[in-house]
Every structure is written in structure tokens, then in C-alpha cells.
Amino acid sequence: MKITKLIFAIFCLLILSLSTSAAAPLSTISIVPKFDAASSSTPADNEKLKLLQMQHFSKMTIADYEKLKGKKLKFFEKLSFQLTQHRINKMLKRYQYGDGPTVLQKISWLLKGILLGPIALLLGYIFLKDDERELIKWIWFGFAGFLIIVGVILFA
């Protein structure tokens, strides 16, 4: 029993450590040199600059980042670096192929809302990320359908 509690405590500390190191920014060092306000005054220029920085960061290796930062990364920092690169690659992929959920995702969450009702709402609020929050609307439509079906069954 004590061994199980010890393993659980170590596991919780490991997860907490991973989540705090992943939540902290890796560095405040700018990868691409900043331009003055006169040259990048439009929002489109700022967006292009951010996109270039993200593309450059996604192609970096750990050794390149260590040289840029000026010190050797610890294990959790390396893990956080790789997770951040993975997130940036997903963001770049979404930027390349268009924003927003697909029609199939909308239909699937609508059907989940109709079939599961409040459980689908909970799952949506727990598991959907910020960039997928449009799907919550479709879960609510499905939940409304669920309530209509339950109402018809109860009054029949």
C-alpha cells in the first residue's frame, strides 16, 4: 500500500513538473531580428514576421537552440522545446491549410451531442482546445436535439 502511494506521488510530481516547464516560455530571445515600427506598421507585416519566426523555430534543432540560448538545456527543457515545436508545427499546418474545423468534425460533434447529451458537452469543454472552440456550438445544437428527443419520448 505504501509503495502504491509512493509511486502515485512520484507520478504526480513528474506530471506537475512537466506541465509547469511546458507552460513557461522557453526563451525571450528573438529568433528573427526585430524591425522598427516604421517598416512593420501594418498588421499584415507583423503577421508575416511572426509566421517567419515560427517557421524558423520549427526547423531548429536542440543544439541550435542551446547555442542561441547560451547554455545547455536540461531534460525537461528539451522535452518542453520538442513539445513547443510540435505545437508550432500543428499551428503552421493549420495556417497553411485553412483555419477552422472541417464539416465532418462539425457533423460528428453534432451527432455526439444528440446521442450523448450532457456527456458530450462535458467532453467538449474538457478536451477541445482553444482553436477548436467553434465545435462547442455544434455540441450545443446536438444537445438541443437530445432534449427534443427526450421531451418527445417523455410526453409520448
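The values are calculated or read from the model by the stated rules, or taken from the named source; none is laboratory data. It should be emphasised that the depicted structure is a prediction, and the values quoted were computed from it without experimental measurement. With ideal geometry, Cβ positions are generated from the backbone for all residues, glycine too; neighbour counts draw on all protein chains shown.
Structural remarks
- Listed by first and then second residue, the pairs linking a residue in the stretch 65-79 that is closer than 18 Å to residue 54 by Cα and assigned by TED's automatic domain parsing to the domain that holds residue 53 to a residue that is assigned to a helix (DSSP H, G or I) and β-branched (Val, Ile, Thr), with Cβ atoms under 7 Å apart and 6 or more places separating them unless they lie on different chains, are 78/62.
- Hey, residue 29 of a type outside the set (D, E, K, R), at pLDDT 85 or above, in contact with a Lys or Arg (Cβ under 9 Å, 6 or more places away or on another chain) and more than 30 Å from residue 138 (Cβ to Cβ) or not: no
- Failed item in (1) surrounded by 16 or more Cβ atoms within 10 Å (Cβ to Cβ); (2) closer than 30 Å to residue 47 by Cα; (3) of a type in the set (Lys, Arg), with residue 112 passing the rest: (2)
- Residue selected from the stretch 74-111 under the condition over 28 Å from residue 64 (Cα atoms) and among the β-branched types (Val, Ile, Thr), by the criterion modelled with the lowest pLDDT: 102
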